[in-house]
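Here is the structure we will look at, set down as structure tokens.
Nothing in this text is a laboratory measurement; each read-out follows from the coordinates by a stated rule. Model, not experiment: these values are computed from the prediction. Glycine also receives a Cβ, built like all others from the backbone with ideal geometry; neighbour counts cover every protein chain displayed.
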Amino acid sequence: MLARTALVIACLELAGCAAIRPPASPPELARAEAAIGEAEREGASADRRAAMHLALARSELAQARRRMSVGDRDGARWLLRRAEVDAELSTLIVREAGLRDAAGRTLDQASTLADRAE
């Protein structure tokens, strides 16, 4: 009888520990965090438009974490997708600005060469 009671108590304790474990993070969390990191590495904070989208992505990530903490997994996943897209847009804005600058320098160089050739 004592062994059976001990076994029941041990099983209940294990079940309780398993129930307390928080649910796994959705895969969208890692993608959103990676996209935000990429935007930061590209220098999105230095460009006004890119910084705006980066700030949106960070805000959406924070909101998603709050929703996950209260169990709203679907709402969190939706916000994480938005955060990922805003961060990617931020990265693209920075890259576009860099390409525009490079194109402008190339045109200036071409113009200089054409002037010298005349």
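Just a few scattered comments:
- Packing-based ranking, highest mean first, of 54-62, 71-79 given that Cβ atoms within 10 Å are counted: 54-62, 71-79
- Of A83, A110, A97, farthest towards positive along the dipole that unit charges on Lys, Arg, Asp, Glu beta carbons give region 64-118: A83
- Convex hull (Cα only) mean projected area of region 55-118, reported in nm² to one decimal: 4.4 nm²
- Charge dipole of region 54-118 (Cα centre as origin; +1 on each Lys and Arg Cβ, -1 on each Asp and Glu Cβ, all else neutral): 540 debye, rounded to the nearest 20.
- For A114 and A34, a Förster radius of 41 Å and the Cβ-Cβ distance give a FRET efficiency of 0.40, rounded to the nearest 0.05.
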